[in-house]
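For reference, the structure is listed below as structure tokens.
What follows is calculated from the coordinates using simple rules that are stated; it is not laboratory data. Everything numeric in this text was worked out from a predicted model, so none of it was measured. Glycine also receives a Cβ, built like all others from the backbone with ideal geometry; neighbour counts cover every protein chain displayed.
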Amino acid sequence: MAYSTKANMISRIGGKVLDQLVDDTGSDSETEKDARIDDAITDADAMIDSFLGKLYAVPLTSTPTVIIRASVYLALWNLASRRWDVTEAPSTIKTNYDATIAWLTSVAAGAVTLSDPPPLANTDETASTSVTSTSRRLTRDNLEPLV
């Protein structure tokens, strides 16, 4: 399940701006534009999971509002960077992208936590590790004659 949707993106930047980011020819079909949006969201969510996976079980089963926002901002950056060189992208999109990456870095470092946090990664308390090996072949006693 994606962390954000096309509707979330439209509510942040409006349909006209989103259409400018995804309509490459000025006459692309809705299917083509939706596919570009879905790809951008998928890439954004994978990046979010790469940060959150250090502390939380991913993908998240419920999506906090802050993660929806992060997914939207990263997806918008993904869409903008396919249209413009990073130096030409709208400053608001770049600023939101930079702030989102900084926030995700803080989450991964444990300096910031998610509200209503999901379960931590690797919290299976029943898991255990066991190591078995053969007895030592070389001991002080059997090496003594060689010294």
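Structure values in brief
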read-out	value
Gain in span if fully extended, residue 102 to residue 17, counting 0.36 nm per residue against the direct Cα distance	28.1 nm
Computed magnitude of the charge dipole of the stretch 36-84 (debye, nearest 20; Cβ of K, R +1, Cβ of D, E -1)	180
Cα centre as origin, Lys/Arg/Asp/Glu Cβ charges: the stretch 6-120 dipole, Debye	440
Whole-Å distance, taken between Cα centres, linking the stretch 64-82 and the stretch 1-44	11
Table column - 3J(HN,Hα) (Hz), the stretch 38-55, Karplus curve with 6.51, -1.76, 1.60, x for Gly and Pro	4, 4, 5, 5, 4, 5, 4, 5, 5, 5, 4, 4, 5, 7, 5, x, 5, 10
